[in-house]
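Beneath this line is the structure, given in structure tokens, with notes to follow.
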Amino acid sequence: MVIQTHELSKRYGRVVAVQDLNLHIEAGEVFGLLGPNGSGKTTTILMLLGLTEPSGGWARVLGFDPVREPLSLKRRVGYLPDSVGFYGELTAWENLAYTARLNGIPPREAEGRIGAVLERMGLSEAAHRPVATFSRGMRQRLGLAEVLLKQPQVVILDEPTLGLDPEAAQAFLGMIRQLKEEGITVLLSSHLLQQVQAVCDRVGLFHRGKLVLEGKVNELAQRVLGGAYRIRLEAGAVEGLAERLRVLPGVNRVEPDGAGMRLEAAQDIRPLVARTVLEAGGELRSLSLEIPSLDEVYARYFQEVRHAA
Ligand SMILES: Nc1ncnc2c1ncn2[C@@H]1O[C@H](COP(=O)(O)OP(=O)(O)OP(=O)(O)O)[C@@H](O)[C@H]1O
């Protein structure tokens, strides 16, 4: 277990920013913290980093207690806040050299590492330009370069793609995937559901300081959509196919969808659907399980909350 919290809570006066959070994140996972503004994501991150003290419960990151061992933790955990501060008049290289010094990396070793992380982030050519001349995307990449400089085992990113254009955001997500391939554990917070869906193994949805839903994206989808599986197929025009599909066990809806059909079932019955199409004399052109987007999951969840209230 790389990140673990037990009943972790934080109150600011009467405001409960985080309440009884139980989080378990394994080595090499990419975990997404999702939730509306003010739902407790940043506060959670700050507690994991030892930058703010919990009012209750506890956290462990790589086995370290952020309250008692913040320095051991800081050496192994990289943090990219939502806005990174660099010295604008210094070059990218100089900024990283400064960070290396602060982290006690010996100068000769720092040289090699700085060159490598700048190269990796596609910033070699801009290495000797003042950071004040960098675009938002370049700054963000420099931020990740700085995080990687200390060769962390865990990387925590707060809204890492905020303000990036779609292409820069995609490139950044690609870099996050690479971290995972290297076995680095990644925790990231975001409002951008599609991006979270593209890169995270699991997500946790925060609502008013509580973790209200947690799991793999498709598991969450099943749960919020009432356990339904959506299957889409194309089989050309086959007499009576819809009727045959409608009576299959567990099917509760069949409807036309463009050139094909969409059905909702209680289980993933794709093999049965395939057989039915063939038996009806149809030709199966496509058959897939549709995973609802995280946007839909999110919208449905808050709809239900409002409804219940
Ligand atoms: N230093 C503080 N003092 C008082 N209240 C705070 C402080 N920091 C956060 N809060 C409150 O705690 C709650 C959770 O805030 P937090 O910043 O953790 O949310 P968030 O999910 O990160 O939101 P965002 O997406 O806007 O960054 C909010 O109600 C916020 O106003």
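None of the figures in this text is laboratory data; all of them are computed from the coordinates on show. Keep in mind that this is a model prediction, so the values were computed, not measured. As a convention, Cβ positions derive from the backbone with ideal geometry for all residues, glycine included, and neighbour counts pool all protein chains shown.
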Which of LEU90, LEU34, LEU48 moves the most in a Gaussian network model of the chain with Cα springs under 10 Å? LEU90
Residue by residue through the range 62-77, the couplings from Karplus 6.51 cos²θ - 1.76 cosθ + 1.60 with θ = phi - 60°, in Hz, x for Gly and Pro, are 6, x, 8, 8, x, 6, 9, 10, x, 6, 4, 5, 4, 5, 10, 10
How big is D, in µm² s⁻¹, for the range 61-117 by Stokes-Einstein at 37 °C and 0.692 mPa s if Rh is the Kirkwood radius over C-alpha pairs? 253 µm²/s
With +1 on each Lys and Arg Cβ and -1 on each Asp and Glu Cβ, and nothing else charged, work out how big the dipole of the range 154-229 is about its Cα centre, in Debye to the nearest 20. 380 debye
Take the eigenvalues of the Cα gyration tensor for the chain, scale each by 5, and report the square roots as semi-axes in whole Å, largest first. 44, 25, 16
Springs between alpha-carbon atoms under 10 Å, Gaussian network over the chain: tell me which of PRO81, PRO36, PRO107 tops the mean-square fluctuations. PRO107
Within 12 Å, Cβ to Cβ, of GLU109, how many net charges do the neighbouring residues add up to if Lys/Arg are +1 and Asp/Glu are -1? +3
Towards the positive end of the charge dipole of the range 226-291, with charges on Cβ (+1 Lys, Arg; -1 Asp, Glu), say which of GLY236, THR276, GLY260 has the farthest Cα. THR276
Amide H within-cut-off set for ILE269, under 5 Å, with H built and near neighbours excluded: none
Compute the long axis of helix 294-308 from its Cα atoms, compare it with the longest principal axis of the Cα atoms of the chain, and write down the angle in degrees, 0 to 90, nearest 10. 80 degrees
About the Cα centre, charge dipole magnitude for the chain (Lys/Arg +1, Asp/Glu -1 at Cβ), debye: 700 debye
The answer for the net charge of residues other than LEU148 whose Cβ lies under 13 angstrom from its Cβ, with Lys and Arg +1 and Asp and Glu -1, is +2
Find how many whole Å separate the alpha carbon centroid of the range 251-268 from the alpha carbon centroid of the range 139-179. 39 Å
Have a look at ASN95, ASN22, ASN103 and tell me which one the Gaussian network model of the chain (Cα, springs below 10 Å) gives the largest fluctuation. ASN103
Under 17 Å from LYS41, Cα to Cα: lysines that are on another chain or at least 8 residues apart: LYS10, LYS210
Helix axis angle, 166-181 relative to the chain longest principal axis, alpha carbon, degrees: 80 degrees
Around PHE302, under 14 Å between beta carbons, what's the net of Lys plus Arg minus Asp minus Glu among the other residues? +1
Suppose every K and R has +1 on its Cβ and every D and E has -1 on its Cβ; what is the size of the dipole of the range 145-188 about the Cα centre, in Debye to the nearest 20? 200 debye
